[in-house]
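**Student:** Handing you this structure, nothing more for now.
FYI, it's all coordinate maths here, none of it is from the lab. Treat the numbers as computed from the prediction; the structure is a model and nothing was measured. Here the Cβ positions follow ideal geometry from the backbone for every residue, glycine too, while neighbour counts run over all protein chains shown.
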Amino acid sequence: MPLTTMEEDMKWKETRQSNGERTCNGHPCRRSFGTNRMDACAVAVSTALSLVAFGICVLVYLRTSELQSRVLNLEKQRDPELSGWIALEQVEPILLSRLDQMLEEKLASRLPKTRETREAPHSCLCPP
């Protein structure tokens, strides 16, 4: 019959007490001073690294927002005549016609070429 976890814990405590052992020796609060100092150093180092990473994130965010504001200012200062030079409705047909032309050229270069026979006299030994 298997023992439950609680029954196993009770049995373990009874065997320790019967052997005369203390049950508080392994308690985390009773560790030596050196290990607590190492834990404190590890916490301090990890906190410092976290703060450095947070600082880098803030710096990157500020630089990005500065660049975005500069781009917006440049777009506002741009000459409105140049931005309205070609309307959006005019660009699409130009692009589509150029795209069609490029596709036709590409297909023409890839398709096999057919040769037409020449009208030559039968006495000519020229290649066809």
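**Student:** Separation between the R110 and L51 pseudo-spin-labels, each 7 Å from Cα along Cα→Cβ, expressed in nm?
**Tutor:** It is 6.2 nm.
**Student:** Taking 0.36 nm per residue of sequence separation and subtracting the Cα-Cα distance, how much length would be gained by fully extending the chain between R78 and V58, in nm to one decimal?
**Tutor:** Going from the current span to full extension adds 4.2 nm.
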